[in-house]
Amino acid sequence: MTNHLLSELDLLHCMSEDLQLDISIDAHTIENQIKAKDNAFLIEHKLEKLSQMIRMNWINKNIQHTSTFMRSPLQTPTTYGGTVHDFTYERNIETTSLEDKIQTSNERVSWNNTALAFSSGMATLSTLFNSLLSFYSPSQNNPLSMVCFADYFESKGLLEVIAREHLSITFDHTGKIDFNAFDIIYIEPTKYDWDMNYFDTDQSFERPIEDKKKFTFIIIDSTLSRDNSTRDAILAKCKHQPFTVVLEFSSGLKLHQFGLEFCNFGYLNSYCRKDDAEIIDSNKLRQYIKKVRTLNGSALSFESASVLDAPFIFNEIKTKHYIDRVFEHNVELKKNTRIGGLFKKISTAEKGSPFVVFQIENNDLDDYGYLMGVLENQSKKTGALFYRGSSFGFRHHRYETIIPDNKVRKGLFKIAMGFRKGPSFEFILRFMRELSELNNMRELRTKFPDITPVSFDHLD
């Protein structure tokens, strides 16, 4: 336990040094308490408070600095860290230094790669869809077909928004996509559903891609992915296929800000074959999408661009270490919890995921509300840091029920174990194991009778 708490403190100390923030007094006090083996839950609360202090100090310094520039600045805008982000008005901001970081860490042989930053992951996807619809201009003589191995409820909502005549949208549930049959292929390598199925590139590439004279755009949402293996496999399979463009996007809020959740942020990596340079120029494609980004108002704000100047963001070694621990901790939760009792199914992706999906019988919303009430009650009694809330950031531990389709009103319950390992982590492993030994919801309600369940009535 001591080593885990010291590891957390060391990470916060390194981040504060990167941001030139002085936390030495607080850090020294906490270190002494850890070594003296003081109450581990209280120490964990202090570490949480320290991480929030680092977050707020960095955000406030950037707000104070960027607020001195007009939205249509009269002088060259520079971030708090000194990076120039030129713009005549904020909606057409140039975030070249951040995009260079993204591009440099994602370059691949045989492909020209460019990068763009956006105000969120959903803003990235929305801009992509608008760009491709404009590019194709679907009509009776030029129909457009799209297949989706994806289930994230907001992405599906966006697909409903763009639906129109002469655009056919098909949802694939097998992971075996015929790449020759569609113009746009939209993939979540880790599918956001109850089973968290993983996209198998080998199954979808059983047939060679046919030579054709029409573009195929492959969109990959890597938000929940531990690594770039799906993207790299697709790039390898398609490197000899003319008229193929690969567009990988992600929410940069989830796994790239070390749980500090500085700001909403999305990014796009575009890959055009070098052999296709005379057919489609990667820089011209970037300029086109960037134009749509400006028109959509989906670029980063200047304040967000300044906050994202933090040196550890897109540091490959530090980011990999953070992501690896997040995924390992969720695997540990899944392995520790019994399947077949209260929890009829427990899912992570084949290659891991940043949270674990638990299914009780019928996925009934009222039952999930009661389960969440039990977790809240017992966490407070123990003093554990186990929050009810969305799983952004993945620093500490959170639980949440989402409703993928309000018409069906079935819940998807998930726990995100996060980066931190300490007394709260051990409590969750222990308590979830205890709950999994129960056979059904009736036994849960009997064991914990005086519970205020979480209500979902406000969603009606």
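The values are calculated or read from the model by the stated rules, or taken from the named source; none is laboratory data. Note that the structure is predicted; figures quoted are calculated from it, not measured. Cβ sites come from the backbone with ideal geometry, for glycine too, and all protein chains shown count toward neighbours.
All but one of (1) surrounded by fewer than 21 Cβ atoms within 10 Å (Cβ to Cβ); (2) in contact (Cβ under 8 Å) with a residue 60 or more places away in the chain; (3) farther than 16 Å from TYR399 by Cα hold for ALA299, so report the exception by its number.
Every condition holds for ALA299 apart from (1).
When you scan segment 27-50, do you find a residue that is farther than 18 Å from LEU385 by Cα and either in contact (Cβ under 8 Å) with a residue 40 or more places away in the chain or in the same structural domain as CYS263 (by TED's automatic domain parsing) (or both), even just one?
no
Can you name the condition, by its number, that ASN336 falls short on among (1) over 16 Å from LEU412 (Cβ atoms); (2) within 20 Å of the chain's Cα centre (by Cα)?
For ASN336, the exception is condition (2).
For the condition surrounded by 11 or more Cβ atoms within 10 Å (Cβ to Cβ), modelled with pLDDT of 95 or more and outside any loop (DSSP other than H, G, I, E, B), what is the one hit in SER51, SER7? Walk me through how you get there before you give the answer.
Numbers: SER7 fails: modelled with pLDDT of 95 or more.
Only one candidate passes the filter, namely SER51.
I want to confirm something. Restricting to segment 384-398 and keeping residues that are farther than 17 Å from PRO423 by Cα and hydroxyl-bearing (Ser, Thr, Tyr), which single residue is surrounded by the most Cβ atoms within 10 Å (Cβ to Cβ)?
SER391
State all residues of segment 34-51 that are of a type outside the set (D, E, K, R) and more than 15 Å from ASP10 (Cβ to Cβ); if no residue qualifies, say none.
Passing the criteria: ALA36, ASN39, ALA40, PHE41, LEU42, HIS45.
Residues that are in a strand (DSSP E or B) and over 23 Å from the mean Cα position of the chain (by Cα): does segment 388-397 have at least one? Before you say what the answer is, go through the steps one by one.
Taking segment 388-397 as the starting set, the residues that turn out to be in a strand (DSSP E or B) are 388, 397.
Add one more test, that the residue is over 23 Å from the mean Cα position of the chain (by Cα), and what stays is none.
No, that holds for no residue.
Looking only at segment 373-386, which residues are in a helix (DSSP H, G or I) and either touching an Asp or Glu at 6+ places or on another chain (Cβ under 8 Å) or of a type in the set (Lys, Arg) (or both)? Outline the logic, then answer.
First, the residues of segment 373-386 that are in a helix (DSSP H, G or I): 373-382.
Selection gives LYS380, LYS381.
Can you tell me which of (1) over 27 Å from the mean Cα position of the chain (by Cα); (2) among the basic types (Lys, Arg); (3) buried (at least 21 other Cβ atoms within 10 Å of the Cβ) is the one ARG445 doesn't meet?
(3)
Check whether at least one residue in segment 362-384 is within 20 Å of LYS254 (Cβ to Cβ) and either of a type in the set (A, V, I, L, M) or in contact with a strand residue (DSSP E or B) (Cβ under 7 Å, 6 or more places away or on another chain) (or both), and report yes or no.
If we filter segment 362-384 for residues that are within 20 Å of LYS254 (Cβ to Cβ), which is where we start, we get none.
The answer is no, given that none of the residues of segment 362-384 is within 20 Å of LYS254 (Cβ to Cβ) and either of a type in the set (A, V, I, L, M) or in contact with a strand residue (DSSP E or B) (Cβ under 7 Å, 6 or more places away or on another chain) (or both).
Evaluate segment 161-168: report whether one residue or more is without any contact (Cβ under 8 Å) to a residue 60 or more places away in the chain, touching a Ser or Thr at 6+ places or on another chain (Cβ under 6 Å), buried (at least 18 other Cβ atoms within 10 Å of the Cβ) and not acidic (Asp, Glu).
Of all residues in segment 161-168, those without any contact (Cβ under 8 Å) to a residue 60 or more places away in the chain come to 161-168.
Next, from what is left, pick out any that are touching a Ser or Thr at 6+ places or on another chain (Cβ under 6 Å): 166, 168.
Narrowing the set further to residues that are buried (at least 18 other Cβ atoms within 10 Å of the Cβ) leaves none.
No, there is no match, as no residue in segment 161-168 is without any contact (Cβ under 8 Å) to a residue 60 or more places away in the chain, touching a Ser or Thr at 6+ places or on another chain (Cβ under 6 Å), buried (at least 18 other Cβ atoms within 10 Å of the Cβ) and not acidic (Asp, Glu).
What number of residues within segment 58-78 satisfy the criterion of being within 24 Å of CYS14 (Cβ to Cβ) and assigned to a loop (DSSP other than H, G, I, E, B)?
0
Please enumerate the residues belonging to segment 54-73 that are among the hydrophobic types (A, V, I, L, M, F, W, C) and crowded, with 17+ Cβ neighbours inside 10 Å. It would help to see each step written out before you state the result.
Of the residues in segment 54-73, the ones among the hydrophobic types (A, V, I, L, M, F, W, C) are 54, 56, 58-59, 63, 69-70.
ILE54, TRP58, ILE59, PHE69 - these are the residues of segment 54-73 that are among the hydrophobic types (A, V, I, L, M, F, W, C) and crowded, with 17+ Cβ neighbours inside 10 Å.
Could you figure out which of (1) out of contact with any Pro (no Cβ under 9 Å at 6 or more places or on another chain); (2) in a loop (DSSP other than H, G, I, E, B); (3) at pLDDT 90 or above; (4) not small (Gly, Ala, Ser) isn't true of ILE218?
(2)
Of all residues in segment 19-33, count the ones that are part of a helix (DSSP H, G or I) and surrounded by 15 or more Cβ atoms within 10 Å (Cβ to Cβ).
The first filter runs over segment 19-33 and keeps only residues part of a helix (DSSP H, G or I), leaving 24-33.
Still in the running and surrounded by 15 or more Cβ atoms within 10 Å (Cβ to Cβ): 26-27, 30-31, 33.
Residues flagged as part of a helix (DSSP H, G or I) and surrounded by 15 or more Cβ atoms within 10 Å (Cβ to Cβ) within segment 19-33 amount to 5.
For ASN283, indicate whether it is in the same structural domain as THR95 (by TED's automatic domain parsing), under 30 Å from GLU48 (Cα atoms) and at pLDDT 90 or above.
Numbers: in the same structural domain as THR95 (by TED's automatic domain parsing): yes; under 30 Å from GLU48 (Cα atoms): no; at pLDDT 90 or above: yes.
Judged against the criteria, ASN283 is not a match.
Among (1) within 28 Å of VAL245 (Cβ to Cβ); (2) surrounded by fewer than 18 Cβ atoms within 10 Å (Cβ to Cβ); (3) under 17 Å from the mean Cα position of the chain (by Cα), there is one condition TYR267 misses while meeting the rest; what is its number?
(2) is the only condition that TYR267 fails.
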